[in-house]
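Structure, as structure tokens:
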Amino acid sequence: MAKQAYVYSGTDWVPLASEVTNLSAYQTKATTGLVLLNTTSFSGVSSIAFPNDSFSATYDNYKILWKGVGSTTVECRFRLRVAGVDNSTASSYNIQRFTVSDTTLLGVRSAATSGWFAVITSTAPNTFSADIFNPFLAVPTAFISQNFRNNANAQIEDYYSQHNQSTSYDSINIIASTGTFTGEMSLYGYNK
């Protein structure tokens, strides 16, 4: 049975002009799974945002993968945005944080914040992975991230959050509390 084949143009999946019977030579478009939407490199910045319209009706959920270092220990604040404007409304981002450092386990709840968090340790490589659920729908947006700080304590932090406003967003901005950060981040879209 013939199936429509797709090829990657460098920015999007486009259909081949004709159907083929053997897809083994082609990478096919997935209806589920991660699809890379954007990769951004940055150096010595105090904030970095994905382009407007990064979130759309095409995907339900999104994943951010980050690697980088800070000029100092930086608390990064994630803010949802629409048309280039951050939502920085106080008390609209509810956060539960769990931190493991050496033999210490710490749990913290922050109900009155103006953004989600991750912490970057200066000069040591840091990574985090964040999942954002239904940001384009006009419903409260959930956010889960895992952060690894490669410091002397090999600190691991998990954040579980919800933005309590029923608004459709098209991007996210990451802002340093102090200092700057350098690295690379990628945004992926995926469906259920």
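The figures follow:
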read-out	value
Number of the condition not met by Asp53 [criteria: (1) touching a residue at least 12 places away in the same chain (Cβ under 8 Å); (2) on the phi < 0 side of the Ramachandran plot]	(2)
Qualifying position, being under 17 Å from Ser145 (Cβ atoms), modelled with pLDDT under 80 and loosely packed, with under 13 Cβ neighbours inside 10 Å, among Arg97, Arg109	Arg109
Hits in the range 122-145 (condition: surrounded by fewer than 17 Cβ atoms within 10 Å (Cβ to Cβ) and among the hydroxyl-bearing types (Ser, Thr, Tyr))	Ser122, Thr123, Thr127, Ser129
Filtered residues of the range 7-65 (kept if at pLDDT 90 or above and charged (D, E, K, R))	Asp53, Asp60, Lys63
Among the residues listed as Ala130, Ala138, the single one being modelled with pLDDT of 70 or more and closer than 28 Å to Gly44 by Cα	Ala130
Test: residue in the range 28-36 that is within 22 Å of Ser161 (Cβ to Cβ) and in a strand (DSSP E or B)	no
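The values are calculated or read from the model by the stated rules, or taken from the named source; none is laboratory data. Just so it is clear, the structure is predicted and the values come from calculations on it, not from any experiment. Positions of Cβ are backbone-derived with ideal geometry, glycine not excepted, and every protein chain shown enters the neighbour counts.
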